[in-house]
Every structure is written in C-alpha cells, then in structure tokens.
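Comments concern the structure below.
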Amino acid sequence: MATGDTLISSMGDIVAAEQLHNQVIETARAAIIATPMIRFTSFRGSNVKSFPRFAKVTAAALTEGTDGTFTTMTDTQVSVTLAEVGIGVRVSDVLEVASSVDEVTALLARELGEAFADKVEIDILAKASSLTDSVGTTTQALTEDVFLQGIMECEANDIRGRQFAFIGYPKQIHNLRTAIGGTTENNSVIYSRPDILNHFAPSTPTGFAMNVYGVDCFMSTNVPSANTAADSLGQFMVVGPDSPHLLAVGELRGSLWWARLEGERDVSFRGNEIWVTGYLGVATVAPERGCAVLSVR
C-alpha cells in the first residue's frame, strides 16, 4: 500500500459488514406426490366418518328342483378421524421494520403453507405400513426382482387393471436404477424399448423418476423410515378414486378447512400472528390395493 492510498482498512466505518439480498432462497422440500394421487372426501357434522365394505362372496352351482342355500352377507368398515393440523409464527413489528428482505411476512406465510403440505404428504406416505402386503428385506438393497414381486402382489389382490404407481425414498430409486443400469445391469435388449423403461434420468420437479414395466416411479424424501431408520418403507399404490388411502377434510361454513391462511394483530406484542391450519384425516380404506416395499435406507 502506497502512502496516501484510501482502502477498506482506512475507511471501514462506511462499508457494511455484509450485504443482504432482498429475497430469500427457497427452502429445499420434497415434491408433493401422494396427496393428489389418493381418493378424497369432505364432511361435517362429526369428526369421524366410516366407509363400509362388503365381504367377498362366491356363487355356487345350483341343482334343479332343490332350494338354494342362502349366503349370509357380512361387512366391515374403516373409519377416518379428523384432527387439527397447523403451523404458525408471530412476527414483531421491529423485525418487519429492520428486515432487509422485501415482504418478509408474505414469504413466511408461503413457507408455512409449504410446511402444511409437507405434513399431509408425510401422513399419507406413512400409511404404507397399513397395506396388506409387503415385499423386501430389512437392510437389503431394493432389487429388480423385489420390484417385480411388488407388482405381482398388487395384481394378485385383484386390482383388475387399475393404474398404480411406486413412491420410493431416493436410495430405493437409486438401487432400482443401479439394478437395471449399473455395472451389473441386465443386458436384455428389451430395456431399449420405451414401453419397458423410459425417462432413465434424474427426477423431475414433480418427483417423477422413471417408468419401469409400465409403473410410474416417484422419488420422495418424505417416504417413512422403518426398523429404527435402517430401512425405508416405500409403496406401490393404486392411483385415483380407487386408491388404498383416503384424505378427508372437514367442511367449515361451506368451505374446506384446508391450508387456511389467517392473520391476527397482537397489539400487546406489537406484532402479527400468521397461521396455516386444516382439519383433516388420512386412512387406509382398501389396504389390498397397494404393497409396501422395504429396503435399506
């Protein structure tokens, strides 16, 4: 430094310690996959709603001139119970004045909404443990054979051609990719056919990873762990109104109580409350229309 030079070291009081960008970088979250895939209902008048099913019956041969034997019909039911879900913050006026971030309250509200959606997704994916069938072995990698066994279990439960999807943890999707395209891949020429395998690439923003044997495979870090976090419990499930899982939402004054955003002034605190709430429940009403997939996490 030459004598007389003016640098940061000599004029440090006029230089901010750091500059803060006026926008917040989006928080990393898993894609919302299962929520739009499953059946939906809404109701009011109770916090519990039951869904009946007839037991399976089979016809028999009859003999002319002989009275047939009556079949006793039986039924079962599965109930879904609504409960409150929510997340909120209280933001001081001082923070809003001092913040270098534009519209900090609106950004916080958006983050709360995403946290609410995450919670619902986690609750749905946790229902993998309620499915009738399960394939895979604890602490073992997901293999192509196990994946095919899961397809078989769904078909053996008479899903009758209904479309189904697979939702797996990133390690499960990785194991499946490796089983097909890694150094020990199956070299059969059928894998060059788009009807057998397509989009063999990183997952899309919607969580879609690839299509294998006609099954759309999705990736989510919200897939639950099992066996003290040693494993992941992914699942095959029928998609749409015949899904094994059901999402129910309460009706409040003619509207769904779902991701309701509300604010309230707290005068004594000198700030504002922001809440995102819902009244909902998740249940597995047709457990045979899917299959849990267990493999190392």
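The values are calculated or read from the model by the stated rules, or taken from the named source; none is laboratory data. Computed from a predicted structure; not experimentally measured. Methodologically, a virtual Cβ is constructed for each residue, glycine included, from the backbone with ideal geometry; neighbour enumeration extends over all protein chains shown.
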* Does VAL101 count as β-branched (Val, Ile, Thr), surrounded by 13 or more Cβ atoms within 10 Å (Cβ to Cβ) and farther than 19 Å from GLU264 by Cβ? -> yes
* **Selection within the range 203-214 - of a type outside the set (S, T, N, Q), in contact (Cβ under 8 Å) with a residue 24 or more places away in the chain and part of a loop (DSSP other than H, G, I, E, B)** => PRO205, GLY207, TYR213
* Asked: Of everything in the range 104-132 that's of a type in the set (A, V, I, L, M, F, W, C) and under 29 Å from ARG270 (Cβ atoms), which residue is surrounded by the most Cβ atoms within 10 Å (Cβ to Cβ)?
  -> PHE116
* Top-ranked residue in the range 265-286 [being surrounded by fewer than 20 Cβ atoms within 10 Å (Cβ to Cβ) and over 18 Å from VAL85 (Cα atoms); ranked as nearest to the chain's Cα centre (by Cα)] -> ASN272
* Looking only at the range 116-132, decide whether some residue is under 21 Å from THR35 (Cβ atoms) and of a type in the set (S, T, N, Q). => yes
* Residues of the range 157-202 that turn out to be at pLDDT 85 or above and in a loop (DSSP other than H, G, I, E, B), as a count -> 8
* Lone unmet requirement of (1) touching a residue at least 60 places away in the same chain (Cβ under 8 Å); (2) surrounded by fewer than 18 Cβ atoms within 10 Å (Cβ to Cβ) for LEU246 -> (2)
* Structure fact -> In the range 50-71, anything touching a Leu at 6+ places or on another chain (Cβ under 8 Å) and of a type outside the set (A, V, I, L, M, F, W, C) is listed as GLY68
* Taking LEU108 and the conditions (1) more than 30 Å from GLY254 (Cα to Cα); (2) in a helix (DSSP H, G or I); (3) at pLDDT 90 or above; (4) of a type in the set (A, V, I, L, M, F, W, C), which numbered condition does it fall short on, given that it satisfies the others? -> (1)
* Asked: Where in the range 215-263 are the strands (runs of 3 or more DSSP E), entirely inside, with at least 2 residues that are within 28 Å of LEU176 (Cα to Cα) and in contact with a helix residue (DSSP H, G or I) (Cβ under 9 Å, 6 or more places away or on another chain)?
  -> 215-219, 231-238
* Asked: Going through the range 1-46 one residue at a time, which ones are part of a helix (DSSP H, G or I), surrounded by 10 or more Cβ atoms within 10 Å (Cβ to Cβ) and among the β-branched types (Val, Ile, Thr)?
  -> THR35
* Tally the residues that are without any contact (Cβ under 8 Å) to a residue 24 or more places away in the chain and in a loop (DSSP other than H, G, I, E, B), restricting the search to the range 264-297. => 2
* Asked: When the range 22-52 is examined, which residues are found to be without any contact (Cβ under 8 Å) to a residue 60 or more places away in the chain and closer than 24 Å to GLU114 by Cα?
  -> ILE25, GLU26, ALA28, PRO36
* Asked: Any residue at all in the range 46-63 that is within 23 Å of ARG260 (Cβ to Cβ) and in contact with a Lys or Arg (Cβ under 6 Å, 6 or more places away or on another chain)?
  -> no
* Asked: Quick check, is SER50 among the hydroxyl-bearing types (Ser, Thr, Tyr) and over 26 Å from the mean Cα position of the chain (by Cα)?
  -> no
* Asked: Name the residues in the range 1-32 that are of a type in the set (Asp, Glu) and under 16 Å from SER100 (Cβ atoms), would you?
  -> GLU18
* Asked: Just checking, which of THR76, THR58, THR41, THR63 is out of contact with any helix residue (DSSP H, G or I) (no Cβ under 9 Å at 6 or more places or on another chain), hydroxyl-bearing (Ser, Thr, Tyr), closer than 23 Å to GLY281 by Cα and at pLDDT below 95?
  -> THR76
